[in-house]
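Some notes on the structure that comes next.
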Amino acid sequence: MRIDVVSIFPAYLAALDLSLVGKARTAGLLDLRVHDLRDWTTDRHRTVDDTPAGGGAGMVMRPDVWGTALDDVLTEGATLVVPTPSGPSFTQRTAEEWATRPQLVFACGRYEGIDARVAEHYRSAGVRVEEASIGDYVLNGGEVAALVMIEAVARLLPGVLGNPESVVEESHSVAGLLEYPVYTKPPTWRDLEVPPVLMSGHHGKVARWRRDQAIERTAARRPDMVAALDVDSLDKKDRAL
Ligand SMILES: COc1cccc(COC(=O)c2cn[nH]c2)c1
């Protein structure tokens, strides 16, 4: 998979050279390229923004500079991702879908955002354009959101994570449930005990306890997710436990 990030703060993306994503790059599993949007400016001041049409505070990123940059970066079958507070929520399902794409191009907006005609132009040119939000808050730019989404996608790529089982088991992957609480040694720590069932060696009981914990946690912390639960599939899995 190829991932490109276009930003006026390319240094922000240096974190991608570390750990998991860094290993995936050196192993050739991920072709990650970071670009400075200002490389596509033509004026002496390397201007990327201008005042908002219709007035109002702040600045808007110009369509012409973004257009020349994205024309150079987008390849056949690419998905253009625009991190923005006003996009649909990025979830584990989104990460799973994007992990199958040949190329993701992240357009990191700053200021008040990017001229809306950029997304409109590429959509009408047949490019898959996905505006995506990582949460209901406003950041100063899309770079941090791009880091979040790239990590969530990259770790799903075959060979990137040492231990593939841990991808399946974990939170938000099992039937839309939150993850159960985890424990390790020592069996007692500051008078707190590991739940005895986990020390029983009875795998069926452990699996059921974990399932029950995941359901309880989801109901307590994320009632919104309970509404979307596929109870039948839960039942089926429960009967198998
Ligand atoms: C492209 O237009 C804009 C405008 C304003 C801020 C940003 C940066 O993204 C976020 O703030 C964000 C992404 N998910 N949750 C918050 C982009």
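The values are calculated or read from the model by the stated rules, or taken from the named source; none is laboratory data. Here the structure is a predicted model, which is why all the values come from computation and not from measurement. Ideal geometry is used to build each Cβ from the backbone, glycine not excepted, and the neighbour counts take in all protein chains shown. Areas reflect the complete protein model, heavy atoms only, side chains present, ligands, DNA and RNA absent. Shrake-Rupley method; radii C 1.70, N 1.55, O 1.52, S 1.80 Å.
Does the range 51-58 include one or more residues that are open to solvent by 30 Å² or more (accessible area, probe 1.4 Å), within 11 Å of the ligand (Cβ to nearest atom), modelled with pLDDT of 95 or more and more than 14 Å from the chain's Cα centre (by Cα)? Yes, some residue in the range 51-58 is open to solvent by 30 Å² or more (accessible area, probe 1.4 Å), within 11 Å of the ligand (Cβ to nearest atom), modelled with pLDDT of 95 or more and more than 14 Å from the chain's Cα centre (by Cα). Which ones in the range 99-110 are in contact with a helix residue (DSSP H, G or I) (Cβ under 6 Å, 6 or more places away or on another chain) and open to solvent by 20 Å² or more (accessible area, probe 1.4 Å)? Matches in the range 99-110: 99 only. Picking from residues in the range 34-49 that are charged (D, E, K, R) and surrounded by fewer than 15 Cβ atoms within 10 Å (Cβ to Cβ), the one that is farthest from residue 62 (Cα to Cα) is 44. Residues in the range 156-195 that are in contact with a Lys or Arg (Cβ under 9 Å, 6 or more places away or on another chain), open to solvent by 60 Å² or more (accessible area, probe 1.4 Å) and modelled with pLDDT of 95 or more: 179 alone.
Across the range 111-155, the qualifying residues are those that are open to solvent by 40 Å² or more (accessible area, probe 1.4 Å) and at pLDDT below 95, and the one among them that is nearest to the ligand (Cβ to nearest atom) is 111. Under the condition of being closer than 11 Å to residue 176 by Cβ and acidic (Asp, Glu), the residues counted in the range 195-241 number 2.
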